[in-house]
1. Give the residue that is surrounded by the fewest Cβ atoms within 10 Å (Cβ to Cβ), with candidates limited to residues of the stretch A:190-226 that are free of Cβ contacts under 8 Å to residues at least 24 places away in the same chain and more than 25 Å from residue A:66 (Cα to Cα).
2. Which condition breaks for residue B:53 when tested against (1) more than 7 Å from chain A (Cβ to nearest Cβ); (2) β-branched (Val, Ile, Thr); (3) crowded, with 16+ Cβ neighbours inside 10 Å?
3. Residue pairs, Cβ under 7 Å, 6 or more apart or interchain, first in the stretch A:75-98 and at the interface with another protein chain (Cβ under 8 Å from one of its Cβ atoms), second part of a loop (DSSP other than H, G, I, E, B) and polar (S, T, N, Q). List them.
4. I'm told residue B:51 meets every condition in (1) assigned to a helix (DSSP H, G or I); (2) in contact (Cβ under 8 Å) with a residue 12 or more places away in the chain; (3) under 18 Å from the mean Cα position of the chain (by Cα) except one. Can you identify the failing condition by its number?
5. If only one of B:31, B:100 is more than 25 Å from residue A:171 (Cα to Cα) and without any contact (Cβ under 8 Å) to a residue 60 or more places away in the chain, which one is it?
6. Which one of these is surrounded by fewer than 17 Cβ atoms within 10 Å (Cβ to Cβ), more than 24 Å from residue A:193 (Cβ to Cβ) and under 23 Å from the mean Cα position of the chain (by Cα): B:15, B:103, B:22?
7. Kindly indicate the residue of the stretch A:60-114 that is assigned to a helix (DSSP H, G or I) and of a type in the set (Ser, Thr, Tyr) and also surrounded by the most Cβ atoms within 10 Å (Cβ to Cβ) among those meeting that condition.
8. Restricting to the stretch A:39-59, name every residue that is closer than 22 Å to residue A:225 by Cβ, crowded, with 24+ Cβ neighbours inside 10 Å and hydrophobic (A, V, I, L, M, F, W, C).
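Only the coordinates and a few stated rules stand behind these numbers; no lab work does. Computed from a predicted model, the values in this text were never measured in an experiment. Glycine also receives a Cβ, built like all others from the backbone with ideal geometry; neighbour counts cover every protein chain displayed.
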Amino acid sequence: MRFSRGLKDGLPISLGYIPVAFAYAIRAIDEGFPPWFPVLVSATNFTGTGQFLGTDLIAAGASLAVLLATMLIINIRYLLMSISLAQKLGGKTPLWQRIVLSFGVTDENFAVAVRQPQKLTFSYLIGVMSCSFCGWLGGTALGAACSSLLSAVLTGETGALYYEIIMSAFNISLYAMFVAIIIPPSREDFHVLLLVVSSVALSCVFYFVPLLQNLPDGLDIIICSVVCTVIVALIFPHVPEEFRDTPQTENDSPAAHSQNDGKGEIQ
Amino acid sequence: MTLSDMLIGCAVMFAVTYICKALGLLFVKKQIKNTFVQSFLYYLPYSVLAVMVFPAILFSTTYIWSGIAGTLIALILAYFRRGLLVVSLASIATVFLVEQIIALL
């Protein structure tokens with residue numbers, strides 16, 4: 001699993017990130033932040049939903065305790081993705097590589113990485129992550145630069161209307177990207193489809209039932225996803241490919257052998 | 001918002017996000033053999049994303065109709081296995097067009 005292969009797999013994510021990151025920067029500046037702020041947040045956080053939510057909270061003057069709790073709830077899913085990636089990475093990867101890779105754990109990078117049938121290597125993952133990170137950071141910088149341009153060009157009543165439409169259109173981009181991640185596997189695996197449908201149903205209950213609407217943002221995500229996943233995992237156990245017969249999978253992938261720039265990367 | 005509000009806020013966001021991302025990779029080194037845990041980890045991301053997207057995607061835009069239109073386009077294109085970028089740009093374009101039509105009415 002080479003670096004170049006990682007770059008190639010990371011490219012669609014990177015391009016998908018650009019409009020989302022662009023929208024993030026525009027929104028942050030719209031809320032009154034200076035242009036460098038969204039760029040700083042994108043450079044240090046590298047997470048879509050967490051950044052949107054955190055930036056909104058800072059803008060609203062929320063306390064640090066609320067900010068901390070909210071970020072914890074919205075990001076706790078990364079813990080599970082991180083455990084899952086650790087499983088696919090194998091135990092021999094050096095600590096410094098794990099420290100670096102941790103930064104690049106995002107929903108999309110994770111989704112692409114777990115789709116690989118063989119064990120993951122550091123160079124492949126760093127390829128995917130560096131490529132998508134460039135898109136994320138570049139998109140944010142572009143949004144920060146264009147925001148002042150947009151508001152300067154789009155003046156008057158018609159301009160303000162167009163500004164609002166552009167903002168509104170960019171708001172959907174993150175969600176659309178997630179749709180593109182969950183639908184194809186739902187077509188192939190009936191159990192995943194069942195899980196997605198039940199998750200959506202439970203999510204709608206939490207969204208529309210008045211009593212449940214008062215839950216803090218992020219908590220509903222945890223409750224719905226954990227409940228649905230536990231039920232589906234109990235009824236339809238799924239042992240991922242790579243756990244069934246590791247040596248066999250390795251023999252099937254000559255790319256894993258051509259990798260030679262790290263001791264821990266070949267099992 | 002003062003400068004220190006922004007910097008401290010950003011530092012808190014970074015710390016929490018990084019810790020969540022790193023805990024598993026840094027400390028879970030043994031292979032998990034338990035079938036339930038393996039299944040749970042396999043299914044979870046799909047569920048988290050599904051919960052995050054629906055029904056919030058419908059209300060992510062200024063008008064519900066543009067949200068519905070953008071969602072439908074995303075669903076159709078994703079069903080035919082289009083990539084992340086195509087799906088994302090197509091639904092942005094759809095929302096943009098629908099809201100322009102709404103503005104004209």
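1. It comes out as A:190.
2. So residue B:53 meets the others, but not (1).
3. Going by the 7 Å Cβ cut-off, the qualifying pairs are A:75/A:47; A:87/B:31.
4. Result: residue B:51 passes all but (2).
5. Numbers: B:100 fails: more than 25 Å from residue A:171 (Cα to Cα).
Result of the check over B:31, B:100: B:31.
6. The unique qualifying residue is B:15.
7. The selected residue is A:78.
8. Passing the criteria: only A:46.
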